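Okay, structure first, notes after.
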Amino acid sequence: MAGSEAGHRSGGDYLQVQTTTDSRAEAMELARAAVEARLAACGQVAGPVASTYWWNDELERSEEWFVFLKLPADRYDELAAFLTERHSYDEPEIVATAIVAGSSSFLSWIRDETRPRPAQSDPAAAPEPLSDETAEQTVQGEIGAG
């Protein structure tokens, strides 16, 4: 990914989608699962952050964790449905921001890593699911890459 133009305009072809959760464990799992499903090229978890918001006519304050996901814009609907289905909140935050510029190689990497892969014909050849510890290390590694 090194050696690319730093200011390539993407024309809104790529997004960073964010959501929040009330636990680091759920944030890590959402990031891992979205990347594993190739709905996002990388997932980053940050927090905690102090949130203040209205819920059921009550002013709430809570500690939350951000999940940031980078993906091609044409995968947004699929990712939003995925997050809605798996999220623990009744009304999860799912907000997309256009990536208006970025390095050509990084944007290409996002596109390449979110392409659907051919189905495995041999179930024995399918990769093993990641343990929680391995998933956390993988997502933490992606923070540097993403």
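Odds and ends about this structure:
- On inspection, residue 15 does not qualify as surrounded by 16 or more Cβ atoms within 10 Å (Cβ to Cβ) and either touching a Gly at 6+ places or on another chain (Cβ under 8 Å) or acidic (Asp, Glu) (or both).
- In segment 50-78, the residues that are within 18 Å of residue 99 (Cα to Cα) and free of Cβ contacts under 8 Å to residues at least 24 places away in the same chain never reach a residue that is of a type in the set (Asp, Glu) and surrounded by fewer than 10 Cβ atoms within 10 Å (Cβ to Cβ) with C-beta atoms less than 9 angstrom apart, at least six apart or across chains.
- Residue 46 meets the stated requirement of being closer than 18 Å to residue 83 by Cα and surrounded by fewer than 16 Cβ atoms within 10 Å (Cβ to Cβ).
- Residue that is modelled with the lowest pLDDT [pool: residues in segment 1-36 that are under 19 Å from the mean Cα position of the chain (by Cα) and among the polar types (S, T, N, Q)]: 10
- Spans of helices (runs of 4 or more DSSP H) in segment 62-146 with at least 1 residues surrounded by 15 or more Cβ atoms within 10 Å (Cβ to Cβ), modelled with pLDDT of 95 or more and of a type outside the set (Gly, Ala, Ser): 76-86, 104-113
The values are calculated or read from the model by the stated rules, or taken from the named source; none is laboratory data. Everything numeric in this text was worked out from a predicted model, so none of it was measured. When we count neighbours, we look across all protein chains shown, and the Cβ atoms used for this are built from the backbone with ideal geometry, even at glycine.
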